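Student: Quick one: the structure is below, questions incoming.
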Amino acid sequence: MNERQQQAAQSLLGIAQRAGKAISGDAALVVSLRRGEGELLILATDCAKNNRERYTHLADREGIRLCSFGTKTSLGAAIGKAQRAAVLVTDKGLADAIIAKTKE
């Protein structure tokens, strides 16, 4: 993924956050993944191995799509928060748009 694609995807992630369609933070993320409440799980490229495995397992179990881009710092900045290792998008339309931007 080039930088332009990453910036476009992060802009959509910011829109998801402002619309209340993004979940971040370990506890909230795990609860939402276990409930199958997401459409797309975005993992930071520098996410710790144990977190990556845990989040991936939960997402796979619930059939939630996965993608990985950006660093923890850039994902956090995209949603206006501190560093985030993962963000869960709950809106199908926004999730589809983010995936489309990553594949342009």
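Student: I need to check one value: relative contact order of the range 3-103, counting alpha carbon pairs closer than 8 Å and at least 6 residues apart, in percent.
Tutor: Once divided by the residue count of the range 3-103, the mean separation gives 42 percent.
Student: Output the peptides 87-99, 28-40 sorted from most to least packed, where packing is the average of other Cβ atoms within 10 Å over each peptide's residues.
Tutor: With the highest mean Cβ count within 10 Å placed first, the list reads 87-99, 28-40.
Student: Let me ask something additional. Could you name the lysines in cross-link range of Lys92, using Cα to Cα under 16 Å and dropping any fewer than eight places away on the same chain?
Tutor: The reachable lysines, counting only those whose Cα sits under 16 Å from Lys92, are Lys21, Lys101.
Student: Assuming a viscosity of 1.002 mPa s and a temperature of 20 °C, what translational diffusion coefficient in µm² per second does Stokes-Einstein assign to the range 3-103, Rh being the Kirkwood radius over Cα pairs?
Tutor: My calculation gives 166 µm²/s for D.
Student: Distance in nm between label sites at Val31 and Cys67, each 7 Å beyond Cα in the beta-carbon direction?
Tutor: 2.7 nm
Student: Of all beta bridges DSSP finds with both residues in the range 29-97, what is the antiparallel percent, to the nearest 5? Present the calculation step by step, with values, prior to reporting the outcome.
Tutor: On the way: 4 of 8 bridges.
Close to 50 percent.
Student: How high is the FRET efficiency from Lys92 to Lys49, r the C-beta distance, R0 30 Å, rounded to 0.05? Numbers along the way, then the final one.
Tutor: Working: r = 29 Å, r/R0 = 0.98.
Efficiency, from the Cβ-Cβ distance: 0.55.
Values quoted throughout were computed directly from the atomic coordinates according to the rules given, and no laboratory measurement underlies them. It should be emphasised that the depicted structure is a prediction, and the values quoted were computed from it without experimental measurement. Backbone-built Cβ (ideal geometry, glycine too); neighbour counts: all protein chains shown.
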